[in-house]
Structures are given as structure tokens and as C-alpha cells.
Amino acid sequence: MLKIDNLPKKVRFNLRNKEIFPNTILSPMDGVTDAPFRRLCRVLSGDRMGLLVSEFVPTDGDAVFNPDGHKQLKFFPEERPFGVQIFGRFPDRMAAAAGKIAERYHPEFIEVNAGCPAPKVAGKGSGSGLLRDLPRLQEILHDVKAVLDAKTPEIPLTLKCRIGWDDDSINVMETLKIAEGEGVEMLTVHGRTRLQGYNGLANWDWIGKVAAAAKIPVIGNGDVNSVECARERINTYGVSGVSIGRGAMHNPWIFGQIADAWEGREKHVITAQEALDVFPLYYKFKIEDGATEMNAMGRMKQLAARLCKGFCLEERRETRDERENRSVILNGVKDPVRFDGVQESDNVAMSVRQALLTCQSAAEMLDQVEKLKDGIAREMVFEPERLVNLNGAKETELKFGDQFKGR
């Protein structure tokens with residue numbers, strides 16, 4: 001049982017007058033955190049998710065924003081408290097979209113995206129591209145806030161940003177000042193620059209500086225992949241909470257694990273059989289969301305490719321010291337007994353992964369899940385601490401041209 005002194009300094013925060021527990025957010029990720037994945041995480045958390053956010057909703061495409069044309073806006077009642085994140089580079093279109101979304105869907109908050117690094121977003125001046133034009137970001141926040149205050153004053157405005165465009169133009173403190181001045185009520189900071197993409201480690205020193213200076217809740221984002229990491233980030237950097245992205249892709253139980261720890265509950269060991277049970281549930285949620293069988297199978301395979309990396313033989317569960325030593329072993333230090341045990345466990349996990357990824361239909365995959373549960377999975381557990389290398393590739397340049405012409 002966790003001792004009370006193992007709790008972080010903060011386990012909840014307030015978004016306006018709404019108390020959020022645990023102090024976690026599932027980071028919006030395009031093509032990943034759709035309604036089925038969000039519902040899956042909420043079920044696995046025991047309905048203790050903190051906040052959920054939509055996939056990014058584009059506002060630049062049409063002169064007149066039509067909510068019916070955006071599947072990202074679909075969410076289920078059990079997802080609340082729920083926020084909608086919008087992105088774009090035109091203040092009037094962002095404001096109009098925010099007003100229509102707020103009136104029709106009544107989310108708990110509307111969030112402006114100033115963090116997405118994708119070339120098709122940032123390269124056109126929206127997402128993290130706004131960090132190269134802070135006056136435009138300020139105008140967007142001002143106009144969106146004005147519309148929300150006029151139409152739905154009960155819905156707060158929030159902002160997500162990166163620390164800057166590159167290492168030579170870190171301007172997150174200026175972004176904070178603008179955000180607070182325009183009535184933003186929560187700021188989520190991803191501790192990487194746009195140029196960094198998802199490579200390397202997030203700079204939590206900058207996140208800590210923002211949290212120390214802010215009058216509003218600051219949520220830290222970047223490399224949070226365990227209960228221990230969430231606790232350390234909150235205690236060390238003074239953030240009000242943490243936002244988790246790729247850590248949840250590889251371990252959708254993480255929000256429940258954090259909630260358990262904050263409530264002083266005993267850590268639950270997830271068996272491989274329990275982990276495999278997510279696939280029929282995820283498939284059900286995908287079909288209910290209108291996905292085809294082929295699309296649902298594709299998303300199950302994506303999940304399988306990530307989850308199975310955390311499988312290991314129960315008898316080979318590693319201590320933290322062993323995990324630290326394993327990186328040394330794999331770098332050439334000879335310890336054949338320990339390495340052989342780890343290698344055997346890795347090989348078995350890979351066989352489970354391949355058994356799922358080679359299926360040709362959803363029915364075959366779900367049947368394979370049951371066979372694995374009755375077979376090798378009986379001897380395995382899901383150990384998310386084994387997961388490494390969640391970072392993506394680094395881009396070294398991105399053309400930033402005349403996208404503001406003809407404003």
C-alpha cells in the first residue's frame with residue numbers, strides 16, 4: 001500500500017469552478033485519440049481520467065464553419081468533462097467556429113492549439129506556427145474569448161503551446177503573458193520546440209518556469225509515461241497536473257494507475273490476459289463509432305504493436321535496478337544469465353505481437369486473442385516500465401513561407 005507521503009504535492013486542480021481529479025489530461029493526438037480510444041482509456045481508468053480533449057478540429061478549410069463536417073467533434077456523454085481543441089490561423093474563423101461548437105456541443109472548455117508541429121499545420125501558420133507570430137495568436141485568443149463570453153460565458157478558454165519554434169526563439173513566457181491577458185484559464189505546455197518535433201527529451205525546466213510565474217493552472221506535457229514520472233514532474237516543477245500522449249498510446253491504463261496511486265491504493269499488476277481483453281472492447285467502441293471492420297482491425301493492430309512491447313513472462317518481471325542494468329547489458333556489458341532471461345521474455349512477447357499483427361480479418365484477430373489468453377498469455381504480464389523509445393524522428397527544417405499573405 002502506498003504511504004501518504006508518496007503522494008505528489010498536487011493531486012487535483014480547478015478549471016474555473018470545476019475540480020479535476022486526478023490532475024491528468026489525455027493529450028489530443030490526431031489519428032489516435034478519437035472517441036473509441038478515449039472511451040477505452042476512461043473504462044480502463046475506472047472513470048478517473050481528469051480531462052479528455054478532442055482531436056484537433058480545423059477551422060481554416062471553409063469560409064463558413066460547419067460543425068457537421070468534422071468527425072472530431074463527436075463524443076459520448078461518459079467522456080465528460082470534455083474539451084474541444086481547435087486550430088487555424090484566421091482569428092475570425094477561429095472565433096466563429098468556437099462559437100458554433102460551444103452553442104451546439106456545450107463542452108467543458110474550448111482550447112486553442114498553438115502546439116501541433118505537423119508541417120501541414122505549422123507550415124501554414126497555425127498550431128505551433130503561431131509561436132512565430134504572437135500578435136496573431138493574441139488576436140485569435142481575444143476574438144475566441146469574446147465570442148465565448150457573448151454566447152456561452154460558462155465555457156472557459158484554454159490554450160496549448162510549445163516552448164517556442166526552435167532553441168533560438170523560445171518565447172513561452174511571452175505566450176503565458178498573452179494568454180493570461182486575454183482571459184485564458186488553463187495553459188498546457190509541451191516542453192519541446194516545434195523544430196524538435198517529438199525527438200529527444202522535453203525541457204521541463206521551461207515548463208517549471210512557466211508554472212512558477214503563472215496565475216492560472218499550468219499543465220506539463222512531455223515524456224510522462226509512468227506514475228513515478230507523473231509524481232516527480234508535479235513535485236519538481238510545480239505544475240498543476242500532467243498531460244499524457246504517447247505514454248497512453250503504449251499504456252492506456254496509465255490514468256487509472258495514477259488515480260490509484262493518488263488515492264493510496266495498492267499497485268495492480270496487469271496480466272497479459274487482462275491486457276488482451278482491451279481488443280474486443282476497443283473493437284466494440286470502434287464499430288459503435290461507425291468504423292468499418294477493416295478500419296477497426298487496423299486500429300486494433302496499431303494498439304497491438306504498442307501494447308505487446310510491454311508483455312513479459314511473469315517469472316521474468318524485472319526490478320527497477322534490473323531495468324537500469326539491462327540498458328548497460330544491451331550496450332555490450334556481458335551478463336549472459338540475465339540477458340538470456342530478458343531475451344527469452346522479449347522473444348515470447350514478439351511472438352504474441354506477430355500472432356496478432358498477421359491476422360487478416362477482425363474476426364481472426366479476436367479469435368487469436370482468445371487463443372492467446374488460453375495459451376502463452378497465462379504465463380505473462382503487462383509491464384509498461386519495459387517500454388522504451390517512444391520518441392519520433394527529428395525533422396531538421398521546415399519551410400515557413402508566405403502563408404500570411406492575403407489575410
Whether any residue in region 306-315 is over 26 Å from the mean Cα position of the chain (by Cα), closer than 22 Å to Glu274 by Cβ, open to solvent by 80 Å² or more (accessible area, probe 1.4 Å) and modelled with pLDDT of 55 or more is what I want to check. yes
Sort through Ala272, Ala259 and tell me the only one that's open to solvent by less than 40 Å² (accessible area, probe 1.4 Å), within 30 Å of Glu379 (Cα to Cα), aliphatic (A, V, I, L, M) and touching a Pro at 6+ places or on another chain (Cβ under 6 Å). Ala259
Any chance Val43 is of a type in the set (A, V, I, L, M, F, W, C) and over 23 Å from Ala114 (Cβ atoms): yes
Residue check: is Asp47 farther than 20 Å from Arg265 by Cβ and acidic (Asp, Glu)? no
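Taking the condition open to solvent by less than 10 Å² (accessible area, probe 1.4 Å) and in contact with a strand residue (DSSP E or B) (Cβ under 6 Å, 6 or more places away or on another chain), does Gly50 pass?
So Gly50 fits the description; yes.
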Residues that are open to solvent by less than 20 Å² (accessible area, probe 1.4 Å), at pLDDT 95 or above and in a loop (DSSP other than H, G, I, E, B): does region 4-17 have at least one? no
(1) more than 17 Å from Met29 (Cβ to Cβ); (2) touching a residue at least 60 places away in the same chain (Cβ under 8 Å) all hold for Glu182 apart from (2)
Taking region 65-119 and keeping only residues that are closer than 23 Å to Ile25 by Cβ and of a type in the set (Phe, Trp, Tyr), one is left with Phe75, Phe76, Phe82, Phe87, Tyr105, Phe109
Listed residues Ile101, Ile110, Ile86; which is touching a helix residue (DSSP H, G or I) at 6+ places or on another chain (Cβ under 7 Å) and assigned to a helix (DSSP H, G or I)? Ile101
Given the residues Gln343, Gln354, Gln302, which is the only one that is at pLDDT below 90 and of a type outside the set (Lys, Arg)? Gln343
Single residue of region 91-124 satisfying the filter (under 26 Å from Arg80 (Cα atoms) and either without any contact (Cβ under 8 Å) to a residue 24 or more places away in the chain or among the aromatic types (Phe, Trp, Tyr) (or both)) that is surrounded by the most Cβ atoms within 10 Å (Cβ to Cβ): Phe109
With criteria (1) among the charged types (D, E, K, R); (2) at pLDDT below 95; (3) farther than 21 Å from Pro156 by Cα; (4) more than 15 Å from the chain's Cα centre (by Cα), Lys74 comes up short on (3)
Extreme residue, surrounded by the fewest Cβ atoms within 10 Å (Cβ to Cβ), among residues of region 18-34 that are of a type outside the set (Lys, Arg) and over 13 Å from the mean Cα position of the chain (by Cα): Glu19
Spot the failing condition for Pro36; the list is (1) on the phi > 0 side of the Ramachandran plot; (2) part of a helix (DSSP H, G or I), and only one is missed. (1)
Condition (residue is of a type outside the set (A, V, I, L, M), modelled with pLDDT under 95 and touching a helix residue (DSSP H, G or I) at 6+ places or on another chain (Cβ under 6 Å)) applied to region 210-231: is it met by at least one residue? yes
Would you please list the contacts, defined by Cβ atoms under 7 Å and residues six or more apart or on different chains, that run from a residue in region 211-232 that is in contact (Cβ under 8 Å) with a residue 24 or more places away in the chain to a residue that is surrounded by fewer than 20 Cβ atoms within 10 Å (Cβ to Cβ) and among the acidic types (Asp, Glu)? Lys215/Glu180; Ile216/Glu180; Ile216/Glu185; Ser226/Glu385
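The values are calculated or read from the model by the stated rules, or taken from the named source; none is laboratory data. Everything numeric here is computed off the predicted structure, so don't read it as measured data. Note: ideal-geometry Cβ built from the backbone for every residue, glycine included; neighbour counts use all protein chains shown. The area values use the complete protein model at the heavy-atom level, side chains included, leaving out ligands, DNA and RNA. Shrake-Rupley method; radii C 1.70, N 1.55, O 1.52, S 1.80 Å.
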